[in-house]
There are 2 protein chains.
Amino acid sequence: MKKVNEKLEKMGTKVLDDINKQENPSVDIPIRSLSNVAYDDKTGMLALGDKSAKRFLFHTAHAKKFTQTMLVAAFCKQLLKENIHTSLRDLFYALKRTFPNSDENTFDEQKESDPVVVDLEVMLDVLREKFHLNADIRGRVVGNLKIKDRGDIIDLSRLGSGGWAIPSNVEEIAFKKVDADFILVIEKNAAFERLHEDNFWKKHKCILITTQGQAARGTRRLIQRLTTDFNLPVYVFTDADSYGWYIYSVIKYGSMSLAHVSDRLGTPNAKFLGMTISDIDKFGLKNFTIRAREVDIKRAKDMLKYEWFKHPAWQKELKLMIQRKVKAELEALSGRGLKFVTETYLPGKIKKKDFLP
Amino acid sequence: MKKVNEKLEKMGTKVLDDINKQENPSVDIPIRSLSNVAYDDKTGMLALGDKSAKRFLFHTAHAKKFTQTMLVAAFCKQLLKENIHTSLRDLFYALKRTFPNSDENTFDEQKESDPVVVDLEVMLDVLREKFHLNADIRGRVVGNLKIKDRGDIIDLSRLGSGGWAIPSNVEEIAFKKVDADFILVIEKNAAFERLHEDNFWKKHKCILITTQGQAARGTRRLIQRLTTDFNLPVYVFTDADSYGWYIYSVIKYGSMSLAHVSDRLGTPNAKFLGMTISDIDKFGLKNFTIRAREVDIKRAKDMLKYEWFKHPAWQKELKLMIQRKVKAELEALSGRGLKFVTETYLPGKIKKKDFLP
């Protein structure tokens, strides 16, 4: 936290220096458009290139953006000082005001303040969570895992039929005891409950996490921290469709819009367990498929071109989906019996290491 | 559970008797269309009337529906026997198959199996959760509360910055210790985290619950069970708009589509804490409002006509929203400072009992 504070102060001091030297105050902001995002072979993640742009105070096109940047930075400094965490939505409201003697607002919409937060993240190389700005909140976890958080010791193996509700910010959590062979990440809360009830995590000695759709930053960071600290393999289990596979890719590689934080949110060693379109034939699920919508097919076509889906195994699955115009939800496995997923499908895949990269 | 099983068996036996008597097998199903839903003054909840309709096996318009009813009932009996819980989506897949020597499926879409589950709930007067069918999963809770679930004792006051992830089914949870003066229910996870961080539930001795939008059945049932068993007041805190108010009304009165279970999911003593459109003037939030969309206004106009929004205080708020075409999110309170909500707004409302009915 002290380091983050120093970075904010350094930025402020630099602007003050500009003023004292009677120069046009400015900050340097790395460019985040797709032209500056690339897949990094070495790390196996999406990363930002090194293009950047200056933002000036005295510049008709920059003046407002520059002011907004200073407002957001000052707000973050205040959050750190008061030790308060808040959301992007709250930041927007807290900073929204009208400039004196004008009709001009500091921010009209959250769409204006969100990118400024990302600017600050990139510029100072600090996760927004470390500025005490919290992101979306979703995700649940259970397993043989003891953590310490805000002074409480929490045993994630003793939470009944529920689980631990993952907060938006997991930076300050300490892992006290981890007794697991792998992490299983599931896209859906209902499947999480099914596996939880079948004691899957006890029988197979794993940590069970549900993302509830696209994984929130807190959940991605938790997965990343667990796998980094304890060298745990991560297997991701989603629907067999382009959206499910995209959820997987964001956990593994990071997202295009947040490429600057892939190293802290991405989990390059994650593997895809299923479901695939090939699973439909392999496990006799033909009667339980769904017609893919146009938007699913379009996404699959886009993904064919992504460098991080160039592996032949992925190209095959994407093409199968496009050709057959079909998808399968993970609940489709219930067509083979309610315990098929916990007793046959998952253990079989894990035993044979039948994963996609 | 034994009672539920008996009810299912009784229904099966009745159909068998019909067959033995060479009568056309039938079941009696209460009608659930709006014409049979009314606001019950005595209980203060939405309830079903007593119209019902017969469903026959030998009847061109009923045969498939009748068969589906038997399939779902048999499936539920199996769930109880094997002590498995599952989701409506899984039920659909597990029962989806093609009739022998035909192109006809038992169910083509989940849209067909869901209403059959509701039929069964109404017909046998049993919550679907007691058939081991789980609903949507959302919601988090913290507070001075100890519960017992699946053999685990869970202390909801020692869960760090997270909380207990509320499962879809809370029927079998036992309350071991409850030390709270009221329950505060919030619409949004981010506001829940803000209050949690400020130790609101400790300072004000309450149980804090987030619904994450429309409250899932598990969360509604948890609120209802807590308030019934411990006579706790319930205060609901949502955005100032028709959607937020609707979320409140569903917690309090039940929903129109599930009027047959209001008595087990509704919490008639719930009070609305805020936000209201009047709050915008009262708390100086004019600069932090949002323009209401057409769909918000339309919903407000519909709600004006609902019997359970006929109270003058509600009519006033609905009309204000329609006239001003404005709404306010609960984050708007951050415009008055990040701690305004926890230190001023909420304590003030609770102290003055400034609630809407």
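The values are calculated or read from the model by the stated rules, or taken from the named source; none is laboratory data. Keep in mind it's a predicted model, so treat the numbers as computed, not measured. Positions of Cβ are generated from backbone atoms using ideal geometry, with glycine treated the same way; all protein chains shown enter the neighbour counts. Only protein heavy atoms, including side chains, enter the accessible area calculation; ligands, DNA and RNA are left aside. Shrake-Rupley method; radii C 1.70, N 1.55, O 1.52, S 1.80 Å.
Across the identical copies, the 7 Å label point of B:ALA174, projected outward along Cα→Cβ, sits 3.5 nm from its counterparts, in ascending order. Excluding ligands, DNA and RNA, the accessible surface per residue across chain A is 42 Å² with a 1.4 Å probe. Chain B and chain A together bury an accessible surface of about 4700 square angstrom, both sides counted, with a 1.4 Å probe and no ligands or nucleic acids included. A protection proxy built from the mean count of other Cβ atoms within 10 Å ranks the segments B:251-258, A:68-75, B:168-175, most packed first, as B:251-258, A:68-75, B:168-175. From helices alone, the protein assembly as shown scores -12000 deg cm²/dmol at 222 nm; the rule is -39500 (n - 2.57) for each run of n ≥ 4 DSSP H residues, then divide by the residue total. Sequence-distant contacts, meaning Cα pairs under 8 Å at least 6 residues apart, place the relative contact order of the stretch A:235-352 at 31 percent.
Here the protein assembly as shown is assigned +1 on the Cβ of each Lys and Arg and -1 on the Cβ of each Asp and Glu. Its dipole about the Cα centre then comes out at about 320 debye. Residues whose amide H lies under 5 Å from that of B:PHE182, counting only those 5 or more places away or on a different chain, are B:ILE207; hydrogens are built 1.01 Å from N in the peptide plane.
Taking every DSSP beta bridge with both residues inside the protein assembly as shown, roughly what % is antiparallel (nearest 5)?
65
Here A:PRO100 yields copy-to-copy label distances, from shortest upward, of 8.7 nm, the label point defined as 7 Å from Cα along Cα to C-beta.
Counting only heavy atoms of the protein chains and using a 1.4 Å probe, B:LYS146 has close to 70 Å² of accessible surface. Give me the percent of accessible area attributable to carbon and sulfur for chain A, probe 1.4 angstrom. Carbon-and-sulfur percentage of accessible area, whole number: 51. Enter the Cα centre distance for the pair the stretch A:165-189 and the stretch B:227-282, rounded to the nearest angstrom. Computed from Cα coordinates, the inter-centre distance equals 33 Å.
Of all trypsin sites (Lys or Arg not before Pro) in the stretch B:1-69, which ones are in loop regions per DSSP and have a Cβ with at most 15 other Cβ atoms within 10 Å?
Here the sparse-neighbourhood loop sites are B:LYS21, B:LYS42, B:LYS51.
Here the stretch A:261-306 has an Rg and Dmax of 14.7, 42 Å, counting Cα atoms alone. Shown for B:SER157: label points 7 Å from Cα along the beta-carbon vector, and their distances to the equivalent points in the other copies, 2.7 nm in ascending order.
Residue by residue along B:80-93, Cβ atoms of other protein chains within 10 Å of the local Cβ number 5 on average.
The mean number of Cβ atoms from other chains found within 10 Å of a Cβ in peptide A:191-199 is 4, as a whole number. Just want to confirm a number: the relative contact order over chain A, from Cα pairs under 8 angstrom separated by 6+ residues, in percent. Taking the mean separation of contacting Cα pairs over the length of chain A, I get 13 percent.
Using C-alpha pairs below 8 Å separated by at least 6 residues, the relative contact order for the stretch A:1-109 is 18 percent.
Computed from Cα atoms, the angle from the helix B:242-253 axis to the main principal axis of chain B rounds to 60 degrees.
3J(HN,Hα) along the stretch B:162-171, derived from phi through the Karplus expression 6.51 cos²θ - 1.76 cosθ + 1.60 where θ = phi - 60°, amounts to x, x, 8, 6, 5, x, 6, 10, 10, 4 Hz, with x in place of Gly and Pro. Values of log10 I(q)/I(0) for the protein assembly as shown across q = 0.08 Å⁻¹ run -0.71, by the Debye formula with one identical scatterer at each alpha carbon and no solvent. For the rotational copies A and B, the chain A residue with its Cβ nearest the relating axis, together with that separation in Å, is A:ALA165, 2. Averaged over the residues of B:95-104, the number of partner chain Cβ atoms lying within 10 Å of the residue Cβ comes to 1.
Taking every DSSP beta bridge that has both ends in chain A, the antiparallel portion is near 65%. The protection proxy used here, the mean number of other Cβ atoms lying within 10 Å of each residue, ranks peptides B:85-92, B:298-305 as follows, highest first: B:85-92, B:298-305.
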